[in-house]
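Undergrad: Starting off with a structure, shown below.
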Amino acid sequence: MTIVATPPTPIERFNGLAFRVLLDCLARPGKVGHLPPPPFADLPPLPDGTPPNATAVAAGMSLLDQTVSFVHAAGEEWLPVDHPLTRWIALRTNARPVEAAAADFALLHDPAGTALFGELAAGSLLYPERSCTVFLSVPAIALNGETLRLRGPGIATTATVGLRGVAPTELAAIASRPSQFPLGIDLFLIDQQGRCLGLPRTTQIEVI
Amino acid sequence: MSETSDQLYNFALLDEDAKREIRRKLLKAVAIPGHLVPFASRDLPIARGWGTGGLQITLSIITPDDTLKVIDQGDDESVNAVNLRRLITRTTGVATTTDTAAATIIQTRHRIPEEPMRADQILVLQVPMADPLRWVEPNLERATIMHSEADYGKMWVYMYESVVRAGDLRIASQYPVIVNRRYLMDTTPIPRWDVPKLHMADTLYLFGAGREKRIYAVPPYTVVEPLQFEDYPFRTEYRPGQRCARCGADNTFLTEHFVSDSNGGRWETTCSDAAYCAKRVAQMEATA
Amino acid sequence: MGYVAVRGGSEAVARAEELVECLRLLGGSTPLQLPQIRDQLRHAVSRAMHEGALYAPLLAALAVKQAEGDSIEAAFLLRAYRTTLPRVMASLPVSGREMFCLRRISASFKDIPGGQMLGPATDYLIRLLQPALAHEDVRAVIAAAERYAALVEAGKPQPGAWGRFPKVTEYMRQEQMIVDVPAEPAREEPFDITREPLTFPCPRSARLQAMAQADTGSLMSLAYSSTRGYGDAHPTLVELRYGYLPVHVAHPLTGEPVTIGEIEATEAEIASKAHSVTNHAEPPRFNVGYGFAFGQSELKVMSMAILDSVLTQARIGSLAGESGPAANEEFVLLHTDGIEASGFVAHYKLPHYVTFAADLSVLDRARDHHAQRQSRLGQLVDQALTSDSR
Ligand SMILES: [Zn+2]
């Protein structure tokens, strides 16, 4: 049979493979997925001079285009529209940088960003899907750790997951994130190694 | 077309923006099990009502490494399954299979395969009518409000009336279920036999309604309960003593076919999941 | 052999395609050339373009040829092609006032600024078949060219203004007879139903786009129903114009408007008798409905304009669905798309063995239930009779 299509470009290939990991992780909270290596490396640094987690940024960007909006934060501060990284993302995706309450996507470059959860849209009863999806960079997701205990759809009974380098207050913020089903925000935790953990609004989280 | 025809289309036909929209909506669908998520639903080279919703999902999730199975009425060789498989493979080059166990993505119309699906597989269902409230409230604006308030009283009345009139819950296929104890969901025209397979399953179920422009999902290990009454519990089509005329299975969904023979022909009841039936026949022949 | 026919599907599908191809040419007549279709089947091409939502006359001619004249199939072919094209940018808004008119008429006033111009129209034609058309040859082409030149010479107006006319609605707005253009929440671009899901209530731009690509016959039926009695539309045709409309875009670098071409289009504005009651502080005015389509498509744009006015009126009075099906926005927009409706109706040709088997099982149980009830009833009657006879 003749193939009538071009093979995917490196970015398209990343987007396609990354999506399957995101979908799998969101459908199976507690399962640690492995994102493919990001298709770029030239990201502008964060305000403190450190580079952002390129895999987390690339995973977030894989879902951005001209029809959606985003915010991003370093520490507990939203980064301004004219920050080089904001412009870098906007230029490559055509997504609109907006204020937190209106954002379809939020990239939180470190766990301190958990303090900003309350500012994000959780949807409405008529349109619970009009909520924010969050990509949160964390130092490390442990394969067999016991930091959080999870329960809910996608989990046969309970699941446990380990997080390193996340402060107790930040863990508490994750456990008590806005999630009043069907409203809520959906989280992806992504570490420096490209490991990924999905926490949809349906997951009940308990800090162990 | 010229020699350059292999440059004509995108990988998986849809442009990247269309895929991205569907991917975003799929994530919402998984996060809100059973909730109907609206999506733009692009025009496709196949007609509305012929699987455009399922097809758009498959084209948005498929990667070059996938192995695809497409079935219609449980059959890989049904003409529409052939047609959809042809479109997907011609625009992706992915490998195909008829073996449920070998597939990573299965796109289906009207059936869930008999062989239990695993956690590393995805079932994509083509959906004609997305909203189970359509029977009792055709107006979308009002039906959306009813879903938002979990106001399903009208549906229960409808079910009750069918019990009184017909002595049974009259809905044969696309049986309504409550997902995650919150949303009323249409199961697509799968027979009742397949409905229990949605409950606490290992696999992820994605539903696409192209003409109705809705996407929804049932994640694995999610509570899926058919609507039923204490004195009229949900029952599948199963009849004690039923048997497939070809493979002898006594626990599958059966359909009737006319089989021609030298005496003019006869009606035969066989598994609607043709690949499963063939696999069993092959196994029996191997051991015989 | 019914079972055999649906398996071996790959083979069957390929053969079906071949047969269609053969049947088109088997009669032995000369294959149609696309310019012939574009020029001589103008209305078929127009219809494929507006229902296919793609302005491309030669591609539409190809679609008409490939679909063997089936209007819905031709539109479907164009839509399926359009969906693969990138949406480069949105054009700048253009007013019908910029149209180079071949025809413009008004039914609301006898004399209008710029005058009525009948143009190419079949409205007053006596519908007699013309046997001469059956034997046309190249001489007819030459004769037509000569007649056309003479017609143009005789009808030449004063230099300067010809082809461009003020709009009748401009005058009516000045005189406060009709409502202002309804204000929509500010959007940078109009709603695009191919990019955003249509949810209800929807913006008027979504309504107009949906109707602009809807099936002509479906719009006509609904518009007719509302004027005939299942509704309260009382339309007056304020203006109908057909001609060439320039398309402008903003230059991507300078932002200056640039004309990139022109399209053949038809536009209608309808005044509806029902008064606008949006704002009690203002005096009542007529509502206006708007219709637009590619090519010369008068029935379509008038039907669309009637439905637009009916739907606007229904929303103002919160009467959606209460004054006939044509006043129900969901009903109108969700059932008039020819591609969606035809696809779904045709899908019943697909095998439904599984659902039918499930239906049969429910039927069996209903029969059992009926039989049980009958026999219980019989027992009761028997009992009653026996006790009577005691
Ligand atoms: Zn069998």
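Undergrad: Quick one: count up the residues across segment C:188-209 that are within 12 Å of chain B (Cβ to nearest Cβ) and open to solvent by less than 30 Å² (accessible area, probe 1.4 Å). First the steps, then the outcome.
TA: We begin by selecting, within segment C:188-209, every residue within 12 Å of chain B (Cβ to nearest Cβ); these are C:191-202, C:206.
Checking which are open to solvent by less than 30 Å² (accessible area, probe 1.4 Å) leaves us with C:191-194, C:197-198, C:200, C:202, C:206.
Within segment C:188-209, residues that are within 12 Å of chain B (Cβ to nearest Cβ) and open to solvent by less than 30 Å² (accessible area, probe 1.4 Å) number 9.
Undergrad: Consider only pairs whose beta carbons are under 8 Å apart and that are at least six residues apart or on different chains; among these, list those whose first residue lies in segment B:34-57 and is at the interface with chain C (Cβ under 10 Å from one of its Cβ atoms) and whose second residue is aromatic (Phe, Trp, Tyr) and open to solvent by less than 20 Å² (accessible area, probe 1.4 Å).
TA: Taking only residues 6 or more apart or on different chains, the pairs are B:VAL37/B:TYR216.
The rows are residues; the columns are (1) open to solvent by 20 Å² or more (accessible area, probe 1.4 Å); (2) closer than 26 Å to C:TYR348 by Cβ.
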{"residue": "B:ARG20", "(1), (2)": "yes, no"}
{"residue": "B:ILE57", "(1), (2)": "no, yes"}
{"residue": "B:GLY74", "(1), (2)": "no, yes"}
{"residue": "B:GLU77", "(1), (2)": "yes, yes"}
{"residue": "B:ARG85", "(1), (2)": "yes, yes"}
{"residue": "B:THR97", "(1), (2)": "yes, no"}
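Undergrad: Another question, if that's okay. Taking B:TRP193, is it assigned by TED's automatic domain parsing to the domain that holds B:ASP76, open to solvent by 10 Å² or more (accessible area, probe 1.4 Å), within 16 Å of the ligand (Cβ to nearest atom) and among the hydrophobic types (A, V, I, L, M, F, W, C)?
TA: yes
Residue-wise test of (1) touching a His at 6+ places or on another chain (Cβ under 8 Å); (2) modelled with pLDDT under 95.
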{"site": "C:ALA5", "(1), (2)": "no, yes"}
{"site": "C:SER10", "(1), (2)": "no, yes"}
{"site": "C:CYS22", "(1), (2)": "no, yes"}
{"site": "C:ALA67", "(1), (2)": "no, no"}
{"site": "C:GLU73", "(1), (2)": "no, no"}
{"site": "C:LEU92", "(1), (2)": "yes, yes"}
{"site": "C:SER95", "(1), (2)": "no, yes"}
{"site": "C:LEU102", "(1), (2)": "no, yes"}
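Undergrad: Give the residues of segment B:140-156 that are out of contact with any helix residue (DSSP H, G or I) (no Cβ under 6 Å at 6 or more places or on another chain) and within 10 Å of another protein chain (Cβ to nearest Cβ), sorted by residue number.
TA: B:GLU141, B:ARG142, B:THR144, B:ILE145, B:HIS147, B:SER148, B:GLU149, B:ALA150 - these are the residues of segment B:140-156 that are out of contact with any helix residue (DSSP H, G or I) (no Cβ under 6 Å at 6 or more places or on another chain) and within 10 Å of another protein chain (Cβ to nearest Cβ).
Undergrad: Quick check on my filter: what residues within segment B:246-275 are open to solvent by 30 Å² or more (accessible area, probe 1.4 Å), more than 12 Å from chain C (Cβ to nearest Cβ) and within 16 Å of the ligand (Cβ to nearest atom)?
TA: B:ASP250, B:ASN251
Undergrad: Further, regarding this structure: Out of C:ARG15, C:ARG87, report the one residue that is within 13 Å of chain B (Cβ to nearest Cβ) and out of contact with any Asp or Glu (no Cβ under 9 Å at 6 or more places or on another chain).
TA: Result: C:ARG15 is the single residue among C:ARG15, C:ARG87 that is within 13 Å of chain B (Cβ to nearest Cβ) and out of contact with any Asp or Glu (no Cβ under 9 Å at 6 or more places or on another chain).
Undergrad: Would you mind finding the one in C:ARG315, C:ARG367 that is within 30 Å of C:MET99 (Cβ to Cβ), assigned to a helix (DSSP H, G or I) and open to solvent by 70 Å² or more (accessible area, probe 1.4 Å)?
TA: Details: C:ARG367 fails: within 30 Å of C:MET99 (Cβ to Cβ).
Checking each option against the conditions leaves just C:ARG315.
Undergrad: Looking at A:ARG20, A:ARG28, can you tell me which residue is within 14 Å of chain B (Cβ to nearest Cβ), charged (D, E, K, R) and open to solvent by less than 30 Å² (accessible area, probe 1.4 Å)?
TA: Numbers: A:ARG20 fails: open to solvent by less than 30 Å² (accessible area, probe 1.4 Å).
After applying the criteria, what remains is A:ARG28.
Undergrad: Let me ask something else about it. Taking only pairs six or more apart or across chains, which ones have beta-carbon atoms under 9 Å, a first residue in segment B:274-288 that is closer than 13 Å to B:ARG246 by Cβ, and a second residue that is assigned to a helix (DSSP H, G or I) and away from the ligand (no atom under 11 Å from the Cβ)?
TA: B:ALA275/B:THR100; B:TYR276/B:THR100; B:LYS279/B:THR100; B:LYS279/B:ALA101
Undergrad: Please verify whether segment C:40-48 includes one or more residues that are under 30 Å from B:GLU16 (Cβ atoms) and surrounded by 12 or more Cβ atoms within 10 Å (Cβ to Cβ).
TA: yes
Undergrad: Is there a residue being among the β-branched types (Val, Ile, Thr) and either open to solvent by 50 Å² or more (accessible area, probe 1.4 Å) or more than 16 Å from the ligand (Cβ to nearest atom) (or both) anywhere in segment B:226-243?
TA: Scanning segment B:226-243 turns up at least one residue that is among the β-branched types (Val, Ile, Thr) and either open to solvent by 50 Å² or more (accessible area, probe 1.4 Å) or more than 16 Å from the ligand (Cβ to nearest atom) (or both).
Undergrad: Another question, then. Only one of these is in contact with a strand residue (DSSP E or B) (Cβ under 7 Å, 6 or more places away or on another chain) and open to solvent by 60 Å² or more (accessible area, probe 1.4 Å): A:ARG96, A:ARG92. Name it.
TA: Values: A:ARG92 fails: in contact with a strand residue (DSSP E or B) (Cβ under 7 Å, 6 or more places away or on another chain).
Being in contact with a strand residue (DSSP E or B) (Cβ under 7 Å, 6 or more places away or on another chain) and open to solvent by 60 Å² or more (accessible area, probe 1.4 Å) holds for just one of A:ARG96, A:ARG92, which is A:ARG96.
Undergrad: Return the only residue of A:THR50, A:THR2 being surrounded by fewer than 16 Cβ atoms within 10 Å (Cβ to Cβ), within 13 Å of another protein chain (Cβ to nearest Cβ) and either at pLDDT below 95 or not in a helix (DSSP H, G or I) (or both). First the steps, then the outcome.
TA: On the way: A:THR50 fails: within 13 Å of another protein chain (Cβ to nearest Cβ).
Within the list A:THR50, A:THR2, the selection yields A:THR2.
Undergrad: Sticking with this one: What's the total number of residues in segment B:141-191 that are within 22 Å of the chain's Cα centre (by Cα) and in a loop (DSSP other than H, G, I, E, B)?
TA: Residues flagged as within 22 Å of the chain's Cα centre (by Cα) and in a loop (DSSP other than H, G, I, E, B) within segment B:141-191 amount to 15.
Undergrad: Being open to solvent by less than 10 Å² (accessible area, probe 1.4 Å) and not β-branched (Val, Ile, Thr) is true for just one of A:LEU125, A:LEU143, A:LEU150, A:LEU171. Which residue is that?
TA: A:LEU150
The values are calculated or read from the model by the stated rules, or taken from the named source; none is laboratory data. Remember, it's a predicted structure, so these values are computed and weren't measured experimentally. Note: ideal-geometry Cβ built from the backbone for every residue, glycine included; neighbour counts use all protein chains shown. The protein model used for the area step is the full one, side chains on, heavy atoms only, and it has no ligands, DNA or RNA in it. Shrake-Rupley method; radii C 1.70, N 1.55, O 1.52, S 1.80 Å.
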